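The values are calculated or read from the model by the stated rules, or taken from the named source; none is laboratory data. As the structure is a prediction and not an experimental result, all values here were calculated from the model. Here the Cβ positions follow ideal geometry from the backbone for every residue, glycine too, while neighbour counts run over all protein chains shown. With ligands, DNA and RNA removed, areas are computed over all heavy atoms of the protein, side chains included. Shrake-Rupley method; radii C 1.70, N 1.55, O 1.52, S 1.80 Å.
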Amino acid sequence: MIIEGWQVNNFLTLFILVMILAFQRRGSRVKTSRMFTYVIITTIVLVVADTFARIGENRGGSYILMAFFGNLIMFLLDPLIILFSVIYIDCWMDEKNKNARKISKVVFQIFATVNIILVLADQVFGLKWFFYFEKSDYFRGKFFMARAVVLALFMLFVTAYLVAFRKNVLNDYRRTLYILPVFALIGTIIQILYNGINTTYTAGALACLILFISFQSNDVNMDNLTGVLNRRGFDIRLEQMMKSSAAGEGDFTAVMLDIKNFREINESCGHEEGDGAIIVFADMLMDAFGEDCKMGRIDGVTFCVLLDNASEPEIKEGIRKVKNSLERVRKKCDWDESVGVNSIYEVYDPALNMTASEYRKHLDELMHKNAT
């Protein structure tokens with residue numbers, strides 16, 4: 001049996017991606033980790049689809065359906081990697097230029113949506129725009145190259161996006177993030193020129209591997225138990241938002257919450273259930289305030305959520321949801337009736353002129369007064 005180059009390439013690419021996924025932090029509630037996982041999973045799906053497509057094309061006959069569905073999935077989902085990459089890069093940025101960045105992301109979302117519509121229309125109506133089969137033979141459609149060039153341009157736009165907003169990226173991550181769009185762009189250009197091996201996915205997998213080794217697997221800003229920001233990571237985000245607020249780029253509200261009388265859970269149910277309660281509490285906060293909030297575990301069972309331009313009714317509704325959720329869990333787990341939620345919130349005032357650490361201590365003091 002002759003082993004072809006594409007088989008070795010796809011096997012190694014899948015191996016790299018599966019290993020990264022296996023060692024990726026599970027249960028992380030930090031958006032960077034979730035988006036990184038989306039990029040990996042989408043690439044895995046596309047590599048599998050490419051494998052199916054090549055097997056179907058090589059064997060023909062009844063295998064032609066494998067080729068058709070493999071190519072269909074690739075043409076449908078290719079732009080999603082670009083979109084997820086942009087969102088992933090954006091996760092490492094501060095709060096400045098949010099409106100301009102939001103407009104840029106909408107452009108990528110429109111591209112991904114339009115691509116899906118056109119590819120489906122092509123196959124439903126047999127327009128032969130992007131790809132088609134005659135008997136058992138695969139052919140590129142009349143707009144195949146045009147679509148490939150547009151795809152490469154959007155890869156280039158990802159790099160341009162990172163360059164344009166480079167000052168918004170945290171210093172520790174700026175240089176490494178360039179690897180993702182640059183590698184993908186090189187792979188796409190090679191793929192356009194040579195169809196024998198799908199270098200786009202291989203380049204993306206290598207970029208993900210470098211990112212994983214560089215900081216995804218060892219993010220010192222993440223709390224290991226809950227998957228949210230730890231105190232160090234939270235202070236970095238808090239300082240960014242304080243600077244943006246001082247520059248007149250929007251208000252934010254800090255919401256501090258903890259589990260009241262948590263000691264009762266540890267004493268009556270054990271430390272293992274206590275850790276479980278902390279994890280569940282973090283889930284409740286994320287569900288109540290949304291995945292775009294910046295949330296950190298400040299100390300023990302104390303969490304702080306940072307919300308951009310949130311109204312007071314929205315904040316109160318979020319706190320109410322957390323209290324109701326914890327009450328349901330308390331009854332289900334038969335915790336002591338004294339277990340509940342302490343909370344305070346405050347719109348940040350730039351006139352306070354504090355450091356992130358000082359402002360966090362200020363919130364701690366407000367929380368302590370509220371609990372007594």
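Miscellaneous remarks
- For T42, the requirement of being among the polar types (S, T, N, Q) and either within 22 Å of Y173 (Cα to Cα) or open to solvent by 30 Å² or more (accessible area, probe 1.4 Å) (or both) is not met.
- Residue within the stretch 110-121 that is within 16 Å of A164 (Cα to Cα) and either of a type outside the set (D, E) or surrounded by fewer than 16 Cβ atoms within 10 Å (Cβ to Cβ) (or both) present: no
- Looking only at the stretch 328-353, and only at residues there that are touching a Lys or Arg at 6+ places or on another chain (Cβ under 9 Å) and small (G, A, S), the one that is nearest to L306 (Cα to Cα): S343
- Residue pairs whose Cβ atoms lie under 9 Å apart, sitting 6 or more positions apart in sequence or on different chains, and linking a residue in the stretch 42-56 that is touching a residue at least 40 places away in the same chain (Cβ under 8 Å) and under 19 Å from G204 (Cα atoms) to a partner that is among the polar types (S, T, N, Q) and open to solvent by 20 Å² or more (accessible area, probe 1.4 Å), are L46/T200; V47/T202; T51/Q7.
- The residues in the stretch 156-214 that are among the small types (G, A, S), farther than 30 Å from M241 by Cβ and within 19 Å of the chain's Cα centre (by Cα) can be counted, and the count is 3.
- Positions within the stretch 131-153 being open to solvent by less than 20 Å² (accessible area, probe 1.4 Å) and part of a loop (DSSP other than H, G, I, E, B), in sequence order: G141
Yes or no, residue by residue, for (1) under 30 Å from D223 (Cα atoms); (2) not small (G, A, S):
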position: I3; (1), (2): no, yes
position: L14; (1), (2): yes, yes
position: Q24; (1), (2): yes, yes
position: S33; (1), (2): yes, no
position: Y38; (1), (2): yes, yes
position: V48; (1), (2): no, yes
position: T51; (1), (2): no, yes
position: I55; (1), (2): no, yes
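- The residues listed here are L156, L162, L120; of these, the one that is out of contact with any Ser or Thr (no Cβ under 6 Å at 6 or more places or on another chain), modelled with pLDDT of 95 or more and assigned to a helix (DSSP H, G or I) is L120.
- Test: residue in the stretch 230-238 that is farther than 30 Å from Y173 by Cα and at pLDDT below 90: no
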